[in-house]
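Notes for the one structure printed next.
Laboratory data are not the source of any read-out in this text; all were calculated from the coordinates shown. Remember, it's a predicted structure, so these values are computed and weren't measured experimentally. Positions of Cβ are generated from backbone atoms using ideal geometry, with glycine treated the same way; all protein chains shown enter the neighbour counts.
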Amino acid sequence: MARRAKCLVERFWSSVSATTAEGCWNWNGPKNKQGYGRFMKSIGKRKTVELKPHRFSYELVIGEIDKDLTVDHTCRNKSCVNPSHLEIVSRGENAKRAYSKNMEAMRNKVCTKGHKVCGENVLVEKRKNGLERKRCKLCSIEREAKRQKK
């Protein structure tokens, strides 16, 4: 391993602590607004690129990740860089697994206002990226009515 690469790896591990009872390896370095780690790598004299510590850890221990895929934290800890807590999935699958008020409601087949989202009350929108988005038809009608009043 080249000296520069070794330095990068040593710097990476110096910002990791494996202290949680759940087996997470927490990133103690800088984080972005969403709580995910930030890790900088120099590529030349004046240029740096930002790496995601969880991706770096996975690639370091397990292997390369296709650029079209994303890393899902199965432990739900955004700071975790333990490769055994990380799973490579599509962006769509990662979004389905994510916890948000809307996704939780859709998993339970209700919208955030409590309407059942099944049968005739489902609007399916095809997005530019090819993914489908399901929405509550009643809420869409209510939103459109509010827009029409303005």
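Judged by a Cβ-Cβ distance under 4.7 Å, the unpaired cysteines of the chain are Cys7, Cys75, Cys118.
Do any trypsin sites (Lys or Arg not before Pro) in segment 67-106 lie in a loop, going by DSSP, with at most 11 other beta-carbon atoms within 10 Å of their beta carbon, and if so which?
Lys67
From least to most packed, judged by other beta carbons within 10 angstrom and beginning with the fewest, Cys75, Cys136 follow the order Cys75, Cys136.
In a DSSP loop and with at most 10 other Cβ atoms within 10 Å, there are no GluC sites (Glu not before Pro) in segment 98-143.
Can you tell me how much longer the chain between Val49 and Asn108 gets when fully stretched, taken as 0.36 nm per residue apart minus their C-alpha distance, in nm with one decimal? Intermediate values should be presented prior to the final figure.
Details: separation 59, 0.36 × 59 = 21.24 nm, distance 4.03 nm.
In short, 17.2 nm is gained.
Kindly put Asp72, Asp66 in sequence by how many other C-beta atoms sit within 10 Å of each C-beta, fewest to most.
By the 10 Å Cβ count, ascending: Asp66, Asp72.
Centroid-to-centroid, using Cα positions, segment 46-75 and segment 93-150 are 31 Å apart. Among Gly37, Gly119, Gly23, the residue with the largest mean-square fluctuation in a Gaussian network model of the chain, with springs joining Cα atoms closer than 10 Å, is Gly119. Placing +1 on the Cβ of every Lys and Arg and -1 on the Cβ of every Asp and Glu, with nothing else charged, gives segment 35-108 a dipole about its Cα centre of roughly 460 debye. The mean sequence distance of close C-alpha pairs (under 8 Å, at least 6 residues apart), as a share of the length of segment 1-106, puts its relative contact order at 21 percent. With θ taken as phi - 60° and the Karplus curve 6.51 cos²θ - 1.76 cosθ + 1.60 applied, the whole-hertz 3J(HN,Hα) list for segment 68-75 is 7, 9, 10, 9, 9, 7, 5, 7 Hz, x standing for glycine and proline. Counting only Cβ charges, +1 for Lys and Arg and -1 for Asp and Glu, the dipole size of segment 12-150 around its Cα centre is about 1040 debye. Taking 31 Å as the limit for the C-alpha separation, the pairs Lys33/Lys134; Lys45/Lys67; Lys67/Lys128; Lys47/Lys126; Lys52/Lys137 exceed it in the case of Lys47/Lys126; Lys52/Lys137.
For the chain, the residue among His73, Leu8, Leu51 whose Cα projects farthest onto the positive side of the dipole built from Cβ charges is Leu51.
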